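The values are calculated or read from the model by the stated rules, or taken from the named source; none is laboratory data. Predicted model, so just to flag it, every value in this text is computed and none were measured. Every residue, glycine among them, receives a Cβ derived from its backbone with ideal geometry; neighbour counts consider all protein chains shown. Side chains included, ligands, DNA and RNA excluded: accessible areas come from the protein's heavy atoms. Shrake-Rupley method; radii C 1.70, N 1.55, O 1.52, S 1.80 Å.
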Amino acid sequence: MELFINQVLAGIATGAIYACMALAVVMIYQAIDHLNFAQGEMAMFSTFIAWQLMQWGVPYWWAFLLTLAFSFAGGIAIERMLFKPLAKAPVLTNVAGFIALFAIVNSVAGLTWDFTIKQFPTPFGSSPFLGSQLISTHQAGMIGVTVGLLILLYLFFQFTRIGLAMRAAASLPESARLVGINTSWMIALGWGMASAIGAIAGILIAPVVFLEPNMMGGVLIYGFAAAVLGGLTSPLGAVVGGFLVGVFENLAGTYIPGVGNELKLPIALALIITVLVLKPAGLFGRPIVKRV
Amino acid sequence: MTQAQLAQGSSPLLAVRDVSVVFGGIIALNGVSFDMHKGAILGLIGPNGAGKTTLFNCLSRLYQPSSGDILMEGASILTRPPHRIAEIGIGRTFQNVALFPNLSVLDNVRVGTHCRSNSDIISDSLRLGWVRRGEAELNKHVHEIVTYLGLDDVAHTIVSGLPFGTQKRVELARALAADPKILLLDEPAGGLNHEEVHVLGDLIKRIRDERHVTVLLVEHHMGLVMSIADHVVALNFGRKLAEGTPAQVQADPDVIKAYLGSKDQ
Amino acid sequence: MSAVEEVTSEAPAVEAVPKRAMTLGYGTSLVVLGLLIIAPMFLKNFFVFQMTMLLIYALAVLALNILTGGSGQFSLGQSAFYAVGAYTSAILMEHMGVNYALTLPIAGIICFGFGFLFGQPALRLSGIYLALATFALAVAMPQLLKLGFFEHWTGGVQGLVVTKPDAPFGLPISQDRWLYYFTLVIAIGIYIASVNLLRSRSGRAFMAIRDNEIAASAMGVDVALYKTLAFGVSAGITGVAGGLGAIAVQFVAPDGYTITLAISLFLGMVVGGVGWLPGSIVGSAFIIFVPNIAEHISKGLSGAVFGVLLFLVIFLVPHGARQVAIVAQQLIGKLKK
Amino acid sequence: QKKYDPGASDTEIKIGNIMPYSGPASAYGVIAKTEEAYFKKINAEGGINGRKINFISYDDAYSPPKTVEQARKLVESDEALIVFNPLGTPPNTAIQKYLNSKKVPQLFVATGATKWNDPKSFPWTMGWQPNYQSETQIYAKYILKNKPDAKIGILYQNDDYGKDYLKGFKDGLGAKAASMIVLEESYEVSEPTIDSHIVKLKASGADVFINITTPKFAAQAIKKNAEIGWKPLHFLNNVSASIGSVMKPAGFENAQDIISSNYLKDTSDPEWKNDPGMKAFDEFLAKYYPEANRIDSFVMYGYTVAQGLVHVLKASGDNLTRENVMKQAASIKGLEIGSLLPGIRVNTSATDFAPISAVQLQKFKGETWERFGEVIDAEVGG
Amino acid sequence: MTAMLNVKDLRAYYGQVQALHGLSFSLNEGSLTTLLGANGAGKTTTLRAICNMVRSTGAIEFEGKPLSGQSTENVVRLGIAHVPQGRGTFTTMTVEENLQLGAITRNDKKGVVADIERMYEHFPVLKERHTQQAGTLSGGEQQMLAVARALMLRPRLMLLDEPSFGLAPLIVRELFNILGKINREDKVTILVVEQNAQLALELADKAYVIETGRIVMSGSAAEIANNEDVRKSYLGY
Ligand SMILES: Nc1ncnc2c1ncn2[C@@H]1O[C@H](COP(=O)(O)OP(=O)(O)OP(=O)(O)O)[C@@H](O)[C@H]1O
Ligand SMILES: Nc1ncnc2c1ncn2[C@@H]1O[C@H](COP(=O)(O)OP(=O)(O)OP(=O)(O)O)[C@@H](O)[C@H]1O
Ligand SMILES: CC(C)C[C@H](N)C(=O)O
Ligand SMILES: [Mg+2]
Ligand SMILES: [Mg+2]
């Protein structure tokens, strides 16, 4: 029983990482109607920027804010330079573009900061949280920030005009233009916001997994899985999905005999697929009905 | 005497029995029943949202009625999956045009023959003799239909750039390619001007007469319905409001109130 | 509640090609074929080996193209099918002494079955959801191959070394050349069969599904069946490619069949032109040679250089090699006038 | 009398190499970059017996099929004399048969798998570093001796490297393995964190922790142990025994008393501040590879193995045939390299294809490794 | 009366295909003009060209300002609402969100809320369905939504592409009443492409007939309605 509780708590702690990334995934999905495979790498790069600033002596919170600003601007710049020209290209060509971006960012980060792991500071400290040795204050802080971000995103998409416009631009650009939405800038804005949220995710994740150019590889897979499980249209779903994936994979790894550990990820993914087969829009996504 | 009248008395080709459809809280169809007799053109009218398209979707098994039954030549179709509807002779067009946008007109029509042919992926890959002969025959049939509907000029064109009215005609061709017994037409006159509607009316009648197809026609263009339908059913809020000859229905006060509106209003 | 199919709405993931544009004209085909037959006679063994790999990956790209360009389903899981094909051949050859040529149809059939079965749950998914499911398959495959449970057969993390076949009947050509021509014959056979398939009733059913599922089903197309068949066919061809790959490389190991392979095949398809079968070989050349060019330009930044080259290609020809072919065709047309 | 095989001439020696510069294993790329820098140094200083080294290194992204392609390119197209220090067990396995059939030396492979020391079946393949199995055997013997009632928990990476270590450890424990090991946990490199495994290991009640992980995961494990207050006797594999790139990020306070073993000098260890070997290393870096991150243990690794190769080539003299290179590689006697720990030398023979086969145990104290005990010969079976 | 929209020598292309061959016409402020033409004549293309949704050449001026080179969204922001052929419903969003999107460029929150209520009065069925996913509405219901969404912009010029498409006769008449009303009372200039020529000509001041991308006839609505050919092709008497 103690092991069970421990694994659930450890799962929640890891789940916070996935949830964080999943929020960024949902953000970009709402903005461009697609998953950006380079998103994890962009987050990693932002985190390196923060790290570099701190190496240069910038205090934590200043580095944090500067990184957010940089990431936001960087996201917009990437969209303007690399993806705007592909706006009319087929969707799959854009996906190829994401892969190219992935390769570029990863490789540049590797050359600039090499592959040794870097320690990344946490503003929350890493002492045990509330006396429990299973969750550190950093992880608790991370859960807090994730939930905070979730609320902000939810409010943004549901209650602001720009959130509505962004969703419209992603789902049907032609009609969006016909109601006066500058679709192209909505997409750029979406990239900017997704990039900034990614930066927050990276900064929160790095103290746990250590900063290095490949730190987001695994995280992104789980982030996608979590977002898809929760429903790509729902920030709440993304967060719940993140925690569920975290907890479930731990329990699977612990309790499914024999194959458990080696197949932790496949089993978690298989579960997600099962859920999707039963509920194609994810747990919290609004099912979209097609009719003729 | 029309064929429809001749067929009266005999058992209906298609019988809709007390069909209801519910979406969440919305009752889209509420106990609708009517018969279709061989060779008839049956007009189905009613206000927007009355449930006409929903009924079509039940007939082509895209929707599952929550109660009631639909009988084709006496046998229920509700046990059939959607893709096994075409083979019993129910063909349809779609209100909002549902072509295969990246295929040519000919290929769209060829897909229409899917239920009338059979071959498997292996024979297809090897292009076995009988597959080749089948394709040749099918091509003849498809070209005949394309010509019949006056689509020769655009036969090799990709359909997505065609004018709306032409696309509707391609849909009609595609439906005809399967040699249906019943043709379900959902607003075929949409986007056509008066003259074009007239031509369409003649075409539908010709199809009925020459190809022995029974037609169920949903249309808001009253001129068309009144001129070609033998029999009209009016729906409102998912219920049958009236049924009879075009003249009867057109004069029905309920229909006027709910659907036609009086001229001097 | 009625049984309305709850289809997640997705812009069709695939920008489709009109069917007539899916293949090459006879003249061009013959020229390409001639080159493929003659070139290896004058090349060093190493280049012959590279050309063999070129054909093998071209087959795998072609398989993905049938799935995506043909039936509109997206797959990031092709590496898994490739792996199953490779391991099937390797195990049959090394553990059971089956002749290498015989292992290929077996690999194809096993992969067809595997793909067909995988297609079942994938049926309910489309677009991104399908992408995730196939992605999961790709991620899971190396881990499955490592499982201690199968270790006796798969060699676990160590993999299996495969013996390279000699030319039969004492033909006086090198192993590499023999394998090349062997692969070429298979590749041509599969290419022709694929073209036939897409031009037939089944192929039209695939494309109808790609363009409009609901309408396809109203025309009598068994959407579920054809979607899973497309998966099966695609997996089967990929499996044959995998088997050939195992023989050519003489080694199978879990690390050879990671998601990176699936991504490469995907890039090959995009670069070659989605839905344009002859593009497969162009795409295959891209994924084999461009990384080499990239590392030649800069070792430390080879990834970045590769990314930049890829961006250049998709900026210039967002529709892939197909676009080049169309432009060329128009030019030739003009010249002829 | 001069004798040459392809790749060697009066003016140059072509050395082939394969490394994962891209993809998930790209961290190892610096090994070849360091080697390249070192050969630059050798060339600048006049080359080897007057011949310049032409170092041709290709990227295989750690994918065996690509390794085969690159190896064949090196042999058949570039006509390199040897393939030197290709990295990783699966990639090396993929090309072993080919290189042996072509009689091209596959020299000093960059992996610690045990199978490279097999001159009978593969006379053209030779390892370099102490093999993984013997390292964990040493830990096993240490445990048997000092803590015979240990309850052991193991965490290992689920690949060839982890499994090789695991096997060595179990062999080392012998019959007692089953009773002493309470939990074997494996993780995949795709996992973002290994926290849950640590939680599980703690819950298993283990009081000895065998940590077979690569640097990132090693640091995570050390840190997590401290966070959840698990204080077992902690053995860390040599792969991750770097002060600068593992212990420091994990936090020195969390790393106290960890036991490991090494054969190379740790660049971050203050002990070597005035060591001539380390000084030479720093001079080399300053002049030929200034952008290097000197705390990266792979830099030291590449620097050392490159010197091993230079020794072999020098010894080959003017007889630069593949056969002679292999022969010279198999007859290194007591070679000292400045970056090896005192007392550790390179030794090979016609029947011993394990150049470095000695290690020394060490314990982490304060901010440095304290070596203890003898230099142990670590050859499996030997 | 001044010309609000001036179109000169408009040519439009789909790829290599030319769809419009030099159209010129103008709309007076506050007028209601109808555009008639057979299937594929180029009516839709004309409206799309005004909003810069197809590649075109020629001069289009709106209140003296050239529209060419402006992006679609900027054209809309000038107060030009477009009810596109095929409705352009945001199918995955709710009915109410669709209406809000119509007013996305407006800044008067209260006015928007009031206008949504007004649309619900015009089309009560939309109110009933305001939380329903718009893509599941019936064809006619979606058409109403498209018109309502365009009205939400509070446009000064409205371009309607077959607004009566798929609407029941009763609703068609209501729709035209509404159009007439906003034209008269709110002084909204209207250009409507319509197959129900009779109704359109009844309501319009002016009419153009277009054939294969060229204007072949123009005049007051009454004149056009009396033309022999028009009667035969479009009115049927
Ligand atoms: N999938 C669905 N989910 C929810 N409501 C639906 C769905 N499909 C149809 N409806 C509702 O059912 C009612 C009937 O729709 P249907 O399309 O059958 O109308 P119709 O008679 O064809 O109207 P029109 O003439 O406008 O095409 C409509 O009010 C519509 O909103
Ligand atoms: N996307 C497109 N690609 C190629 N050609 C097109 C495209 N859209 C329209 N066309 C062509 O342009 C011409 C004019 O079409 P348009 O849609 O403007 O006609 P329309 O008068 O609105 O007719 P309708 O609405 O009845 O189809 C037609 O010949 C049509 O085939
Ligand atoms: C020390 C490293 C170069 C060896 C590496 N861990 C491998 O076996 O792949
Ligand atoms: Mg309808
Ligand atoms: Mg039009």
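Structure data summary
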item: Residue C:158 open to solvent by 50 Å² or more (accessible area, probe 1.4 Å) and at the interface with another protein chain (Cβ under 7 Å from one of its Cβ atoms); result: yes
item: Any hit, region A:174-181, residues being open to solvent by 30 Å² or more (accessible area, probe 1.4 Å) and within 14 Å of chain E (Cβ to nearest Cβ); result: yes
item: Hits in region D:15-53 - residues which are more than 23 Å from residue D:73 (Cβ to Cβ) and of a type in the set (Val, Ile, Thr); result: D:42, D:48
item: Number of positions in region E:171-195 that are in a helix (DSSP H, G or I) and open to solvent by 30 Å² or more (accessible area, probe 1.4 Å); result: 7
item: Residues of region C:153-197 satisfying the condition of being under 16 Å from residue D:98 (Cβ atoms) and outside any helix (DSSP H, G or I); result: C:159, C:160, C:161, C:162, C:163, C:164, C:165, C:166, C:174
item: Verdict on residue B:78 being open to solvent by less than 10 Å² (accessible area, probe 1.4 Å) and more than 14 Å from chain E (Cβ to nearest Cβ); result: no
item: Residue A:155 touching a residue at least 12 places away in the same chain (Cβ under 8 Å), more than 12 Å from chain C (Cβ to nearest Cβ) and open to solvent by 30 Å² or more (accessible area, probe 1.4 Å); result: no
item: Residue B:57 vs. criteria part of a helix (DSSP H, G or I), surrounded by fewer than 19 Cβ atoms within 10 Å (Cβ to Cβ) and more than 7 Å from chain C (Cβ to nearest Cβ); result: no
item: Answer residue from region A:6-27, given it is in contact with a strand residue (DSSP E or B) (Cβ under 8 Å, 6 or more places away or on another chain) and hydrophobic (A, V, I, L, M, F, W, C) and is modelled with the highest pLDDT among those; result: A:12
item: Count of residues meeting criterion [within 13 Å of ligand 4 (Cβ to nearest atom) and of a type outside the set (Val, Ile, Thr)] in region B:19-57; result: 13
item: Region C:212-244 - residue that is farther than 22 Å from residue B:138 by Cα and charged (D, E, K, R) and, of those, nearest to the chain's Cα centre (by Cα); result: C:227
item: Region E:45-62: number of residues that are surrounded by fewer than 15 Cβ atoms within 10 Å (Cβ to Cβ) and either more than 16 Å from ligand 2 (Cβ to nearest atom) or touching a residue at least 60 places away in the same chain (Cβ under 8 Å) (or both); result: 1
item: Yes/no for residue E:38 being within 12 Å of another protein chain (Cβ to nearest Cβ) and either at pLDDT 90 or above or more than 16 Å from ligand 1 (Cβ to nearest atom) (or both); result: yes
item: Matching residues, region E:147-165, being within 16 Å of ligand 2 (Cβ to nearest atom) and open to solvent by less than 10 Å² (accessible area, probe 1.4 Å); result: E:159, E:160, E:161, E:163
item: Residue ID - nearest to residue E:218 (Cα to Cα), chosen from residues in region E:11-29 that are open to solvent by less than 20 Å² (accessible area, probe 1.4 Å) and more than 12 Å from ligand 2 (Cβ to nearest atom); result: E:25
item: Within region E:72-129, considering residues that are assigned to a strand (DSSP E or B) and more than 7 Å from chain A (Cβ to nearest Cβ), the one farthest from residue E:146 (Cα to Cα); result: E:80
item: Given (1) near ligand 2 (Cβ under 9 Å from one of its atoms); (2) on the phi > 0 side of the Ramachandran plot, index of the condition residue B:179 fails; result: (1)
item: Qualifying residue in region B:95-112 (condition: closer than 12 Å to residue C:216 by Cα and more than 8 Å from chain C (Cβ to nearest Cβ)); result: yes
item: Any hit, region B:91-112, residues being open to solvent by less than 50 Å² (accessible area, probe 1.4 Å), free of Cβ contacts under 8 Å to residues at least 12 places away in the same chain and in the same structural domain as residue B:239 (by TED's automatic domain parsing); result: no
item: Test: residue in region E:184-191 that is more than 10 Å from chain B (Cβ to nearest Cβ) and over 21 Å from residue E:115 (Cα atoms); result: yes
item: Residue C:266 being of a type in the set (Phe, Trp, Tyr), within 11 Å of chain A (Cβ to nearest Cβ) and open to solvent by less than 10 Å² (accessible area, probe 1.4 Å); result: yes
item: Selection count where residues are buried (at least 24 other Cβ atoms within 10 Å of the Cβ) and away from chain D (no Cβ under 14 Å), scope region A:234-254; result: 7
item: Lone qualifier among E:75, E:113 - being open to solvent by 20 Å² or more (accessible area, probe 1.4 Å) and among the hydrophobic types (A, V, I, L, M, F, W, C); result: E:113
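Every residue, every condition in (1) of a type in the set (Ser, Thr, Tyr); (2) at pLDDT 90 or above; (3) in contact with a helix residue (DSSP H, G or I) (Cβ under 9 Å, 6 or more places away or on another chain); (4) within 16 Å of ligand 5 (Cβ to nearest atom), yes or no:
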residue: E:34; (1), (2), (3), (4): yes, yes, yes, yes
residue: E:69; (1), (2), (3), (4): no, no, no, no
residue: E:81; (1), (2), (3), (4): no, yes, yes, no
residue: E:93; (1), (2), (3), (4): no, yes, yes, no
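Table: residues versus (1) crowded, with 21+ Cβ neighbours inside 10 Å; (2) under 19 Å from the mean Cα position of the chain (by Cα).
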residue	(1), (2)
D:128	yes, yes
D:133	yes, yes
D:151	no, no
D:155	yes, no
D:168	yes, yes
D:171	no, no
D:184	no, no
